[in-house]
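The values are calculated or read from the model by the stated rules, or taken from the named source; none is laboratory data. These figures come from a predicted structure and were not determined experimentally. No Cβ is skipped: glycine too gets one built from the backbone with ideal geometry, and neighbour counts run over all protein chains shown. Ligands, DNA and RNA are excluded from the accessible area calculation, which covers all protein heavy atoms including side chains. Shrake-Rupley method; radii C 1.70, N 1.55, O 1.52, S 1.80 Å.
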Amino acid sequence: MIRRLDRSAGALLTGASSEAVIANGFVFVSGQVPGPANHADGPADFEREVRQALANLARTLSDAGSGMDRVVKVTTFLNDRRLAEYNVIYAEAFGSNLPARTTVMVADSDHSIEIQCIAVAGESTDIRRIANVPGMAPLLGPYSQAVVANGLVFTSGQTPAVTSMADQPESFGGKVRQVMANLDTVLTAAGSSMEHMAKVTSYLTDPDQLVEYNGIYAGAIGAGLPARTSCCVDIWDIALEIECIAAVAGTSPEDGAIQRFATFPGLADSVGPFSQAVQANRLIFTTGQIPLITSVDHRPRDFAGSVRQVLTNVKTVLEGAGSSLDSVVNVTTYLTSPDQREEYERIYAEVFGPHLPATTSVCVGIWDFTFEIQCIAVAEGSGEA
């Protein structure tokens with residue numbers, strides 16, 4: 001069953017969305033930003049903004065029947081480089097129940113911080129948190145390397161650190177190989193593997209490195225390609241960061257089962273080493289969809305047409321993988337300019353109608369495309385509550 005949580009009176013979200021969506025034992029929370037709706041100016045300084053965003057997150061989780069102690073994955077989008085200050089406040093908010101986490105800098109935002117998360121629904125305490133993993137650099141912040149819940153593994157963003165952040169390969173290719181090795185180590189410690197990855201998000205800092213990255217990535221993954229989203233962001237002093245969601249390696253054919261969909265009729269050919277969608281534990285993860293019609297050279301010329309084409313591609317992928325737009329529970333949208341937001345949200349709300357997912361929209365660099373959308377949906381048969 002799918003239950004959508006409407007915005008509460010105190011919510012301030014950045015667009016057309018449900019405040020949270022509950023499905024398949026998880027709560028998917030829209031990106032939370034500082035400032036309740038009745039305070040247009042929001043907090044006046046970075047510390048207050050961080051505390052307000054985290055307070056909004058805690059309230060939303062409570063409204064959804066979950067809590068901060070059941071959060072399994074956080075993605076933080078910052079527009080302020082005070083990471084150390086953020087880490088102190090963040091650690092206070094989560095205490096000993098640290099989720100897996102990825103933190104990246106976004107290009108432009110009305111807020112210094114936006115926090116997106118996935119939590120376990122209800123009162124379940126069957127959550128395993130994995131902190132330091134033997135053979136890896138010590139944790140660089142207040143997070144778990146991976147969290148296991150409801151048959152899935154959520155990893156923190158992996159960096160090229162060998163024994164510390166100061167110990168990294170010099171070449172870009174070496175950094176990619178180190179990140180992939182770190183990811184493999186974390187997944188193994190969590191009871192999963194590279195073969196069980198369902199979704200990967202790659203954050204790079206230089207779009208010219210994508211071709212080299214793809215070659216090394218494809219060699220490391222092999223035939224079992226996950227769905228993948230890649231975008232260009234500012235991620236401190238490292239060249240790339242990779243996070244993933246994987247299925248736990250099961251002991252029976254039904255446990256941890258993964259179904260991969262390479263492509264679908266009507267879609268342009270894939271432009272990288274990924275599956276267009278992967279189903280794991282009755283959740284469907286899509287690759288980031290871009291505004292292609294039949295090929296990289298065939299795409300709409302205007303922004304509104306690009307939005308409609310991307311959403312058409314999302315619909316094609318979901319229906320081919322055994323789901324639909326009505327069953328989408330979580331969407332992350334990567335825009336290239338804040339000026340695009342109003343038109344994008346108008347079309348997005350029109351397409352999704354009353355079935356609005358939990359949604360996060362941020363401005364980043366994404367190669368030569370205007371924007372990219374990745375989503376999580378439930379497989380057919382779950383239905384609305």
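Overview of results
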{"item": "Anisotropy class of region 179-315 from Cα gyration tensor, a/c 1.5 cut", "result": "oblate"}
{"item": "Backbone HN-Hα couplings from phi across region 300-317 [Karplus 6.51/-1.76/1.60, Hz, Gly and Pro as x]", "result": "x, 8, 10, 5, 4, x, 5, 4, 5, 5, 4, 5, 5, 5, 4, 4, 4, 5"}
{"item": "Mean separation of Cα contacts under 8 Å (6+ apart) over length of the chain, as relative contact order %", "result": "17 percent"}
{"item": "Region 22-179: equivalent-ellipsoid semi-axes (sqrt of 5 x gyration tensor eigenvalues, Cα, Å)", "result": "27, 22, 12"}
{"item": "Accessible area of Ser193 in the full protein assembly, 1.4 Å probe (Å², nearest 10)", "result": "20 Å²"}
{"item": "Phi to ³J(HN,Hα) by Karplus 6.51 cos²θ - 1.76 cosθ + 1.60 over region 137-147, Hz, x for Gly, Pro", "result": "4, x, 4, 9, x, x, 7, 8, 5, 7, 10"}
{"item": "Within a Gaussian network of the chain (alpha carbon springs, distance under 10 Å), most fluctuating of Arg301, Arg128, Arg59", "result": "Arg301"}
{"item": "Rounded, prolate or oblate (a/c below 1.5 giving rounded, otherwise prolate when a/b exceeds b/c) for region 257-350 by Cα gyration tensor", "result": "oblate"}
{"item": "Computed helical MRE - 222 nm, the chain, DSSP H runs ≥ 4 contributing -39500 (n - 2.57), nearest 500", "result": "-7500 deg cm²/dmol"}
{"item": "Cross-link reach list, aspartates and glutamates versus Lys199, counting only Cα pairs under 16 Å and skipping chain neighbours closer than eight places", "result": "Asp184, Glu241, Glu243, Glu372"}
{"item": "The chain, Rg to Rh (Cα coordinates; Rh as Kirkwood inverse mean 1/r)", "result": "0.93"}
{"item": "Placed amide H near Ala146: partners under 5 Å, 5+ positions off or other chain", "result": "Ile130, Ser156"}
{"item": "Largest-first ordering by accessible area, 1.4 Å probe, given options His355, His298", "result": "His298, His355"}
{"item": "Amide proton proximity set for Ala198, modelled H, under 5 Å, gap of 5+", "result": "Ile245, Ala246, Ala247"}
{"item": "Charge dipole (region 111-183, unit charges on Cβ, about Cα centre) - positive-most of Ala119, Gln168, Pro142", "result": "Gln168"}
